[in-house]
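Some notes on the structure that comes next.
The values are calculated or read from the model by the stated rules, or taken from the named source; none is laboratory data. The model shown is predicted, which means the values in this text are computed figures rather than measured ones. Neighbour counts run over all protein chains shown; Cβ positions are idealised from the backbone, glycine included.
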Amino acid sequence: MKLSEIARERGIRFFLIAYTDLFGTLRAKLVPARAIDVMAEDGAGFAGFATWFDMTPADPDVLAVPDSSTLIQLPWKPEVGWLAADPWMNGALVEQAPRNVLRRLVAAGETQGLEMRTGVEPEFFIITPDGQAIADGADTQAKPCYDQLTLMRRFDVIAAISDAMEALGWGPYQNDHEDANGQYEMNWDYAPALVTADRHAFFKYMVRSIAEQHGMRATFMPKPFSTLTGSGCHAHVSVWRGGQNAFKGDDELGLSPLAHQFLGGVMAHAEALCALTNPAVNSYKRINAPVTASGATWSPSTVSWGGNNRTHMVRVPGSGRIEYRLADGAANPYLLQAGLLAAGLDGVAHARSAGPRLDLDMYVAGAAVEGARSLPLNLLDALRAFEACAPLRAALGEAFVSSYVKLKRQEWDSYMRHLTAWERDATLDC
Ligand SMILES: [Mg+2]
């Protein structure tokens, strides 16, 4: 059915044709329903340079061609339909575009009969509109995690988002107050990687929009407050073959050899993966962080894995899946999935070993583990590791990697030109 017919049937007056750029920002055009069929064919035109793409003002239009299977009627404004789009230029898919990168990886998995399915756990803060403080001034406990009173004080916002996910068929199943004051998490069912990435991109937009409607603001910034726990975006990953969970096995954790090889790839390329799953300057204030006001950071500092133990980079919470705990709220929804898939498939292709499982509290005993690799201490180190990682370069594509690293290095340079109050305090009297 044509999108114009769907529009008539469902009362959609406008469509947002949207793509996610390299830095994770959703870019969109608002198209009246009368024009949607032409746009669906030819794409909506964008100046790529005006967004976070490695392009110049002289480049021709990026044409964002909507994927009609992604249609979401905004639950809070059903007259608008949202469509994830694939960027094209000069008659070819834009290789650096994150959704295109993920689709290539998904297709590569399919050629081996493998389908990655993921559930993401995005944490976020609800803050004041000026971004300076958490919105709930009464949310001050040292251990606020799962606090019923503060959770219910935000019922109107949380329920609106949860109801929206229910209406969209995502299968929401739990919401909670997280470990930092002002921090929340909402969970919905896992799905194939591309579906989850589209939903994750929309979720971030939806949470911000609904918070704004209630006079507040939501942020997925990894570490908005230095003494509080940061916002992670854990990813629960399994790989399926022929409709069966191929991660399920009969070792002591319930994992298969395939799961161990996939994990081996994630472990082997962990430092490089940080460039994608921890992509902000601020990301490195969440990992490698000192103990927070609640007593733990809940984020890893070392490349390690364990059983049902939250102090490791990868946890095996139960049979048939692994939980990648490194990613944070700044992760681009498409590049998070693409990075995991690229690393995991490389692990499978080379039958990589994940190394020994560690059954210890890494927050206490981590420093004593011989040979444990530390995670990058800043974005520049992560970008250097990413540039040097030949398997990820090959899997993600040279065009994407070089463009991504170029723009991210520019961001790092911009940060380095910024003089901080700390520097003045520490150095004025040198
Ligand atoms: Mg959490």
Looking only at the range 292-340, and only at residues there that are assigned to a strand (DSSP E or B) and within 13 Å of the chain's Cα centre (by Cα), the one that is surrounded by the fewest Cβ atoms within 10 Å (Cβ to Cβ): Tyr324
Please name all residue pairs, on different chains or six or more residues apart, with Cβ atoms under 9 Å, provided the first residue is in the range 1-18 and is more than 16 Å from Ala84 (Cβ to Cβ) and the second residue is aliphatic (A, V, I, L, M) and modelled with pLDDT under 95. Glu9/Met1
Residue within the range 103-126 that is over 30 Å from Leu396 (Cβ atoms) and either assigned by TED's automatic domain parsing to the domain that holds Arg286 or surrounded by fewer than 20 Cβ atoms within 10 Å (Cβ to Cβ) (or both) present: yes
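Condition check ((1) more than 21 Å from Thr25 (Cα to Cα); (2) touching a residue at least 24 places away in the same chain (Cβ under 8 Å); (3) small (Gly, Ala, Ser)) across all residues:
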position: Glu323; (1), (2), (3): yes, yes, no
position: Gly329; (1), (2), (3): no, yes, yes
position: Leu341; (1), (2), (3): yes, yes, no
position: Leu345; (1), (2), (3): yes, yes, no
position: Leu377; (1), (2), (3): yes, yes, no
position: Leu383; (1), (2), (3): no, yes, no
So, in the range 159-185, exactly how many residues are aliphatic (A, V, I, L, M) and surrounded by fewer than 20 Cβ atoms within 10 Å (Cβ to Cβ)? 4
Scanning for something in a strand (DSSP E or B) and on the phi < 0 side of the Ramachandran plot, does the range 32-44 turn up at least one residue? yes
Looking at (1) over 16 Å from Ala367 (Cα atoms); (2) modelled with pLDDT under 95; (3) more than 16 Å from the ligand (Cβ to nearest atom); (4) not aliphatic (A, V, I, L, M), which is the one condition that is false for Trp298? (3)
Those residues that are within 16 Å of the ligand (Cβ to nearest atom) and among the basic types (Lys, Arg), I need them from the range 196-206; list them, please. Lys204
Within the range 127-158, residues being surrounded by 14 or more Cβ atoms within 10 Å (Cβ to Cβ) and of a type in the set (Asp, Glu) number 3
Collect the residues in the range 242-278 that are under 20 Å from Arg373 (Cβ atoms) and assigned to a loop (DSSP other than H, G, I, E, B), keeping them in residue-number order. His269, Asn278
Looking for something of a type in the set (Lys, Arg), within 25 Å of Trp82 (Cβ to Cβ), at pLDDT 95 or above and within 16 Å of the ligand (Cβ to nearest atom) - is there at least one such residue anywhere in the range 216-223? no
Only one of Gly366, Gly371 that is in the same structural domain as Ser304 (by TED's automatic domain parsing), among the small types (Gly, Ala, Ser), part of a loop (DSSP other than H, G, I, E, B) and modelled with pLDDT under 95: Gly371
